[in-house]
Amino acid sequence: TACVYFHRFFTTPDSMLEHDPLLFLVTAIWMASKVEECSVQASRVIRELGELGIGGGSAYTTSDLVACELLLLEVVKFDLIVDNPYAVLSRILSQASLREHLGVEKSDCLVQAANFLLNDCYRTELVVQHPPRVLALGCALCASLLEHAPIRHLLPDALSSSESAAIERVAAGLLALY
């Protein structure tokens, strides 16, 4: 959730030049903790940051986080909903009956690879460019290539739809990351 907020903020023009990325990263984490109902006090976030030796120790104050949060909320237009692609990926792979078609070991490797790829999507701008279903399908296809386990035929409705080009862009974006 924090990664998506951070990406949403820094996809606006000149935002990287005008604002402190570390402060916005910390603010995105703090904001995500509240949205995900695992709220952490701002003072604790700042203290932990100082203990890690990041940001010049106590360079930031609670007031900095609050001010930054307001700006972050404005830029993301108060849209705090972040759809989770992991549930979509899990559903797609279970509906494909991978164990029946690939065997237990190959199926487990493919599922693990797809989840690792989905984790890596958060290192890119793909998470703000594509909906969860497209991300999940792109990761599933990349995983099938990496594991030499073709599953394209197991997902006929997904790949024949209008999402095909977007799915290919996700796969290409992931492959470019490596």
For this session: Could you please find all residues in region 34-54 being in contact (Cβ under 8 Å) with a residue 12 or more places away in the chain and among the polar types (S, T, N, Q)?
Result: S43
For this session: With the condition kept exactly as written, say whether any residue in region 52-62 is open to solvent by less than 60 Å² (accessible area, probe 1.4 Å), in a helix (DSSP H, G or I) and touching a Ser or Thr at 6+ places or on another chain (Cβ under 7 Å).
Result: no
For this session: Considering every residue within region 154-174, establish whether at least one is at pLDDT 85 or above, outside any helix (DSSP H, G or I) and open to solvent by 10 Å² or more (accessible area, probe 1.4 Å).
Result: no
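For (1) assigned to a helix (DSSP H, G or I); (2) touching a strand residue (DSSP E or B) at 6+ places or on another chain (Cβ under 9 Å); (3) under 16 Å from L175 (Cα atoms); (4) open to solvent by 20 Å² or more (accessible area, probe 1.4 Å), each residue gets a yes or a no:
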position	(1), (2), (3), (4)
I46	yes, no, no, yes
A67	yes, no, no, yes
F78	no, no, no, yes
R91	yes, no, no, yes
V111	yes, no, no, yes
L117	yes, no, yes, no
V128	yes, no, no, yes
A140	yes, no, yes, no
Problem set entry | Answer residue from region 94-109, given it is under 14 Å from H153 (Cβ atoms) and in contact (Cβ under 8 Å) with a residue 12 or more places away in the chain and is surrounded by the fewest Cβ atoms within 10 Å (Cβ to Cβ) among those | S97
Exercise. Which residues, counting only those in region 34-44, are assigned to a loop (DSSP other than H, G, I, E, B) and aliphatic (A, V, I, L, M)?
Worked result: V40
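The values are calculated or read from the model by the stated rules, or taken from the named source; none is laboratory data. Since the model is a prediction, treat every value here as computed from it, not as a measurement. Don't worry about glycine lacking a Cβ; one is built from the backbone with ideal geometry, like all the others, and counts go over all protein chains shown. Protein only, heavy atoms only, side chains kept; ligands, DNA and RNA dropped before computing areas. Shrake-Rupley method; radii C 1.70, N 1.55, O 1.52, S 1.80 Å.
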